[in-house]
Amino acid sequence: MKKRAASGLGRNDRETRDRLLQASAQLFASRGFRDVTVRDICRAARANVAAVNYHFGDKLGLYREVLQVAIDAMRETNEAGQRAAEGQPPTEQLRRYLSVFLRRVLNPENETIHRLIQREADHPTSALDTMIEQALRPRLEFFATVVAELMGSEPADPRVLRCVGSILAQTIIYVRKNPMAERLGFVFKPTPENIESAARHIAEFSVAGIRAIAAEKPAADRLR
């Protein structure tokens with residue numbers, strides 16, 4: 001069964017479709033795609049059990065639409081970060097992008113979006129490729145361009161990708177609730193001042209490491 005285009009629906013059908021999207025977003029974010037049934041979704045949305053197939057084709061079609069909202073939010077963050085960084089030197093580009101990224105990810109209003117993305121990362125579906133190509137790859141390419149400029153190398157240099165991974169890994173402790181880290185004393189309160197401080201720290205720490213790696217002699221030269 002083909003899904004129905006939202007633009008061609010009557011008022012009642014549009015309202016049902018919206019309830020399905022809202023209910024399924026909460027369920028997918030809390031339990032993941034595999035552990036949510038169509039009956040669960042329709043019960044939460046106060047909809048007939050056939051409504052998911054009618055509007056979205058099947059559960060995966062509904063999930064893709066829900067995840068696309070999260071993907072679009074990631075794309076908007078990428079674009080906002082790049083606009084903030086435009087025309088700045090590399091260190092400031094990193095700081096400004098990271099500031100935008102942390103502010104958006106740590107906004108309580110985006111909690112459902114963040115949990116949807118994390119669920120997809122932990123238990124990937126066929127929708128993962130869309131998230132990678134539309135949101136994650138552009139983010140990686142932005143950082144690779146900045147790191148390559150700092151290193152005086154090409155973005156394809158393997159050292160660049162490793163440095164990009166190190167930059168992104170530093171954000172995890174800020175954006176993902178971690179009870180082990182909290183018990184070890186790392187408690188982060190996402191106030192505007194703390195977010196700016198974290199973005200500055202990650203940028204400065206990363207730039208120092210990137211420059212140190214760029215200054216290293218190749219292994220073959222060290223052995224001579």
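Every number here is computed from the coordinates shown, using simple stated rules; none is lab data. Source: prediction; values computed, not measured. Here the Cβ positions follow ideal geometry from the backbone for every residue, glycine too, while neighbour counts run over all protein chains shown.
For helix 137-151, what angle does its Cα long axis make with the longest principal axis of the chain, in degrees from 0 to 90 and rounded to 10?
Once rounded, the angle reads 10 degrees.
Ignoring everything except DSSP H segments at least 4 long, calculate the 222 nm mean residue ellipticity for the chain; use -39,500 (n - 2.57) per segment, divide by total residues, nearest 500.
My calculation for the chain gives -23000 deg cm²/dmol from helical runs alone.
Can you give the convex hull volume of the alpha carbon atoms of the stretch 12-108 per residue, in Å³?
113
What is the gain in length, in nm to one decimal, between Ser197 and Leu60 on full extension, counting 0.36 nm per residue of separation less the C-alpha to C-alpha distance?
45.3 nm
Counting other Cβ atoms within 10 Å, keep those with at most 15, restrict to DSSP loop, and tell me which trypsin sites (Lys or Arg not before Pro) in the stretch 19-48 are left.
Of the trypsin sites (Lys or Arg not before Pro), the ones in loops of the stretch 19-48 whose Cβ has at most 15 other Cβ atoms within 10 Å are Arg34, Arg46.
Considering every pair of different Cα atoms, what Kirkwood radius, in Å, is found for the chain?
Kirkwood hydrodynamic radius for the chain: 19.8 Å.
So how strong a dipole does the stretch 1-129 carry about its Cα centre when Lys and Arg Cβ are +1 and Asp and Glu Cβ are -1, to the nearest 20 debye?
440
Contact order normalised by length for the chain, with contacts defined as Cα pairs under 8 Å and 6 or more residues apart; what percent is it?
20
What is the extension gain from Ala156 to Thr130, computed as 0.36 nm multiplied by their sequence separation minus the C-alpha to C-alpha distance, in nm to one decimal?
The Ala156-Thr130 span can extend by a further 7.1 nm.
Relative to the Cα centre, what is the charge dipole magnitude of the chain, using +1 at the beta carbon of each Lys and Arg, -1 at the beta carbon of each Asp and Glu, and rounding to the nearest 20 debye?
The calculated dipole for the chain is roughly 680 debye.
What FRET efficiency do you get for Lys177 and Asp35 if R0 is 25 Å and r is their Cβ-Cβ distance, rounded to the nearest 0.05?
Result of the calculation: an efficiency of 0.80.
Once both labels are modelled 7 Å past Cα along the beta-carbon direction, what's the Asn107-Phe186 spacing in nm?
Here the modelled spin labels are 2.5 nm apart.
Give the angle, between 0 and 90 degrees and rounded to the nearest 10, that separates the Cα long axis of helix 111-122 from the longest principal axis of the Cα atoms of the chain.
80
Between the helical axis of 192-215 and the dominant principal axis of the chain, each derived from Cα atoms, what acute angle in degrees is found, rounded to the nearest 10?
50
Using the Karplus curve 6.51 cos²θ - 1.76 cosθ + 1.60 with θ = phi - 60°, work out ³J(HN,Hα) for each residue of the stretch 12-21 in order, rounded to whole Hz, and write x for Gly and Pro.
4, 5, 5, 5, 5, 4, 5, 5, 4, 5
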